[in-house]
Amino acid sequence: MAMPAKTTTAPGPTARERLLAAASELFYAEGVHTVGIDRVIEKAGVAKASLYNTFGSKDELVLAYLAARHAQVAARVTSHLGRHATPRDKLLGVFEAQGEMFAEPGFRGCAFASATSEAHGEQVGLAASDYRAWVRGLLTGLAREAGAPDPELLGRQLHMLYDGSSQAARMDHHPAAAAAGRAAAQVLLDAALTAPRE
């Protein structure tokens, strides 16, 4: 007689994963300063001790939230750039990836801009600086690969467009801001690539 097959259930999310998911949802929607730790604990469905054993403090949870946000955006943009073959198309693809984020329900702008406007701690500022350096480095590197004669200048200009697109999408509640940003980026890039060399 055959034995019935054993069923195994995948383990559920850990307390750390539940806390980080709850914090990410609440902090992004309402702000890191506004949301108290008790709301995060309640939403995560864990004991208060789990938060302190895992993160130590709300400040550390905020930093973990920002690190996770940075990783998510980087993964999304990198995945999107894989659809393009040339550095020029990849550079413009950064704005297309941004447009996908703008179109998501619940988009509330840049998590780093929001966090730094609320929390004045040095570590939050450093997390935002790291994220911004990654964006600027990506744009500058792609500008260099595309053949821009001054990739640092073009990278800074494109970064301003990236920031402006995010702010416009947030304030105007209009995801098409990314398309406008991409169009402006294309003009800047084409002008840089066709400028006479000294």
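The values are calculated or read from the model by the stated rules, or taken from the named source; none is laboratory data. Keep in mind the model is a prediction, meaning the values are calculated, not measured. In this analysis, Cβ positions are derived from the backbone assuming ideal geometry, glycine residues included, and neighbour counts consider all displayed protein chains.
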Worksheet entry | Search result, residues across segment 183-198 that are within 19 Å of Gly147 (Cβ to Cβ) and part of a helix (DSSP H, G or I) | Ala185, Gln186, Val187, Leu188, Leu189, Asp190, Ala191, Ala192, Leu193, Thr194
Worksheet item: Looking at Ala119, Ala184, which one is in the same structural domain as Tyr65 (by TED's automatic domain parsing) and modelled with pLDDT of 95 or more?
Response: Ala184
Discussion item. Given the criteria buried (at least 16 other Cβ atoms within 10 Å of the Cβ), closer than 23 Å to Leu66 by Cα and touching a Phe, Trp or Tyr at 6+ places or on another chain (Cβ under 9 Å), does Ala127 qualify?
Written reply: yes
Worksheet item: What's the number of the condition Ser50 fails, among (1) surrounded by 15 or more Cβ atoms within 10 Å (Cβ to Cβ); (2) assigned to a helix (DSSP H, G or I); (3) assigned by TED's automatic domain parsing to the domain that holds Pro175?
Response: (3)
Fill in: Which listed residue is surrounded by 14 or more Cβ atoms within 10 Å (Cβ to Cβ) and more than 12 Å from the chain's Cα centre (by Cα), from Gly137, Gly93, Gly109
Gly93
Response to the item:
Within segment 59-89, restricting to residues that are basic (Lys, Arg) and closer than 20 Å to Pro175 by Cα, the one that is surrounded by the most Cβ atoms within 10 Å (Cβ to Cβ) is Arg69
Practice prompt. From Ala111, Ala133, grab the single residue that is among the hydrophobic types (A, V, I, L, M, F, W, C), closer than 18 Å to Ser24 by Cα and either touching a Lys or Arg at 6+ places or on another chain (Cβ under 8 Å) or in the same structural domain as Ala148 (by TED's automatic domain parsing) (or both).
Written response: Ala111
Worksheet item: Is it the case that Val94 is within 24 Å of His173 (Cα to Cα) and in the same structural domain as Gly181 (by TED's automatic domain parsing)?
Response: yes
